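This report concerns only the one structure given below.
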Amino acid sequence: MTAVTAAAAAAGANHDASPAVIDRTGALSILARCDELAAYSTLPNGLIRRVYLTDEHRAVNALAAGWMREAGMTTWQDPAGNQCGRLEGRTPGLPALLLGSHLDTVPSAGRYDGILGVLTAIAVVDRINTLGIDLPFALEVVAFGDEEGTRFGRALLGSRALAGTFDPAWLDLTDDDGITLRDAYSAFGLDPDALAPATDSALFRGAAARRPEDLVGYLEAHIEQGPYLEEAGQPLGIVSSIAGARRFAITVTGVAGHSGTPFDRRHDALAGAAEIVTLIERTARDAGLIATVGHLEVFPNAVNVIPGRVDLSLDLRAASDSDRDRVWTEIDAAMTALCSARGLTVSVTQTHNAPAVACAPHLRAAVAAGIRAATASPAEPLLLLSRAGHDGMAVADVTDIAMLFIRCRGGVSHHPDEHVTPADVAVATDAFEAAILSLVTAAS
Ligand SMILES: [Zn+2]
């Protein structure tokens, strides 16, 4: 048995959840760090809201950088405000396997979404550094500064910058106070003009964008944000792909009028919109994909006026872009027919379109090997579609990705009740380490 496989086997020998084992894996220290980061918030009373390019962002980057250095990494903040750390491989300058997730949050967030993935990655690099494993590639941890898009309304700004897909037009986005992204970068001490994708390879070195040839791949550990692991009684799962999402703004227009108007004279936009909502739910459910109408605005929204106009949103997600697009075509046609039968008109604007991202088979296999080693179970781990977006979606534009999902209580996320157990964090840390070691073995 080589040193590497011995270490992987050792990492896999401790799937029971005795306090001593949990403590040995460093899970309690990871959770204590999650608690420490949770204190950096713009909301009172223990609620968490930590957004891009703020004092809180600066503070958590500094903390993460300190932990990265303790784990043996050299550290820097990239031009997008992502906190990075690097452990060199057997010779300096080798391509890197990226390990990451994000440190920003939604308003009233939990303390694990994103954060747990960053801290697990740092803990695993610490272990690998301590073991003195001969690495055929470098390891880098990236703590992305913006995944949620809470401040500027556009998600994945940090990971898009790393992937070289940052659109300079985004610099004109504004936050709720009218501050542009460009000014926010400057106030944070960053040069906004360093973010645009560069074609000159010399420029790449100074900007956030990474070159594909400098990367081996990207692995992310993240809480599941769904109920499937809990229902299956499994602590860990593998992501098959990250669902592609399309979003639409739909406007149904009828005729506003007095509430005394007889039914045969009405063109009630809300009655039509209500049918559209149930049509969307029925069509998506029958096709086995996910659709959400989360926003509805009624005009004039008065108790004694027939609604003349309704604006509604649609968020449509599927594992495959072709399924999603086929279902959208079906919904669109049925919606138009339904409105025309009611004497209403409907107009649609697409506001977002992100393709589904498949995880790379060889990295998925490494994560599966990691889970099998850590849980000491020969069974094939649960394969899950991620219905939520993640940094990996953006990183996939520059390198192969895979994800490890960690069970969270009740599947609850984006909420203060977000919860993981120390035992699950322990086994996740072991699995993440074993996944990396299986890639080390494959590349050695
Ligand atoms: Zn997240």
For this session: Quick one: order S320, S29, S159 from most to least accessible surface, probe 1.4 Å.
Result: S29, S320, S159
Exercise. Which percent, nearest 5, of DSSP beta bridges in the chain are antiparallel?
Worked result: 70
Exercise. When the chain is treated as a GNM, springs tying every alpha-carbon pair under 10 Å, which of A123, A27, A337 comes out with the largest mean-square fluctuation?
Worked result: A337
For this session: Roll a 1.4 Å probe over the protein heavy atoms and report the accessible area of T42 in Å², nearest 10.
Result: 70
For this session: Order the following by accessible area, largest value first: L296, L236. Probe radius 1.4 Å; ligands, DNA and RNA are ignored.
Result: L296, L236
Exercise. Between L404 and residues 5 or more places away or on another chain, which pairs have amide H atoms under 5 Å apart, with H built 1.01 Å from N, and which residues are they?
Worked result: E220, A221, H222
Problem set entry | For the chain, calculated [θ]222 nm from helices alone, where every DSSP H run of n ≥ 4 adds -39500 (n - 2.57) | -12000 deg cm²/dmol
For this session: Could you work out the local net charge near H414, counting Lys and Arg as +1, Asp and Glu as -1, over the other residues with Cβ closer than 11 Å to its Cβ?
Result: -4
Exercise. Which one of Q77, Q225, Q234 has the biggest mean-square fluctuation once the chain is modelled by GNM with Cα springs under 10 Å?
Worked result: Q234
Problem set entry | Using a Förster distance of 35 Å, the FRET efficiency for D193-T349 (Cβ separation, nearest 0.05) | 0.70
For this session: Count charges around G254 for me, please; just the other residues with Cβ under 9 Å from its Cβ, Lys/Arg as +1, Asp/Glu as -1.
Result: +2
Exercise. How much accessible area per residue does the chain have, in Å², with a 1.4 Å probe?
Worked result: 41
For this session: Under 1.5 on a/c is rounded, so check that first for the stretch 380-444, then, if it is not, pick prolate when a/b is larger than b/c and oblate when it is not; a ≥ b ≥ c are the square roots of the alpha carbon gyration tensor eigenvalues.
Result: oblate
Problem set entry | Mean-position separation - Cα centroids, the stretch 89-151 and the stretch 414-436, in angstrom | 14
Exercise. Among E297, E418, E148, what's the order by accessible area (1.4 angstrom probe), most exposed first?
Worked result: E297, E148, E418
Seminar exercise, completed: Once amide hydrogens are built 1.01 Å from N within the peptide plane, the residues lying 5 or more places from A96 or on another chain with amide H under 5 Å from its amide H are A138, L215, V216
Exercise. Roughly what would the spin-label model give for R58 and T130, points 7 Å off Cα along C-beta, in nm?
Worked result: 3.3
Seminar exercise, completed: Expressed in square angstrom to the nearest 10, the accessible area of Y228 with a 1.4 Å probe stands at 100
Exercise. With r defined as the distance between the Cβ atoms of A232 and A365 and R0 fixed at 22 Å, what FRET efficiency is calculated, to the nearest 0.05?
Worked result: 0.60
Exercise. Given the chain reduced to its alpha-carbon atoms as identical point scatterers, what log10 I(q)/I(0) does the Debye formula return at q = 0.14 Å⁻¹?
Worked result: -1.28
Exercise. Most mobile of G66, G294, G370 per a Gaussian network model of the chain (Cα springs, under 10 Å)?
Worked result: G294
Problem set entry | Karplus-derived 3J(HN,Hα), 6.51/-1.76/1.60, for each residue of the stretch 69-77, Hz, glycine and proline x | 5, 4, 7, x, 8, 8, 10, 7, 9
Exercise. Hey, can you rank 423-435, 93-105 by average C-beta count inside 10 Å, highest first?
Worked result: 423-435, 93-105
For this session: Report the label-to-label distance for V255 and T336 in nanometres (one decimal), using points 7 Å from each Cα along the Cα→Cβ vector.
Result: 2.4
Seminar exercise, completed: Rounded to the nearest 0.05, FRET efficiency between A32 and A442 (Cβ-Cβ, R0 35 Å) equals 0.55
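What part of the accessible area of the chain, given as a whole %, is carbon or sulfur when the probe is 1.4 angstrom? Show your work: numbers first, answer last.
Working: 9710 of 18290 Å².
Solvent-exposed carbon and sulfur of the chain make up 53 percent of the total.
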Exercise. Roughly how many nanometres apart are two label points built 7 Å out from the Cα toward the Cβ at D176 and N45?
Worked result: 1.5
Seminar exercise, completed: the stretch 152-169 scanned against label point 7 Å out from W76 along Cα→C-beta; backbone N under 19 Å for 158-166
For this session: Putting +1 on Lys and Arg Cβ atoms and -1 on Asp and Glu Cβ atoms, find which of A319, A369, A341 reaches farthest to the positive end of the dipole of the stretch 319-379.
Result: A369
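The values are calculated or read from the model by the stated rules, or taken from the named source; none is laboratory data. The structure displayed is predicted, hence computed values, not measured ones. Reconstructed Cβ throughout: ideal geometry from the backbone, glycine too, with neighbour counts over all protein chains shown. Heads up: the accessible areas ignore ligands, DNA and RNA and are worked out on the full protein's heavy atoms, side chains in. Shrake-Rupley method; radii C 1.70, N 1.55, O 1.52, S 1.80 Å.
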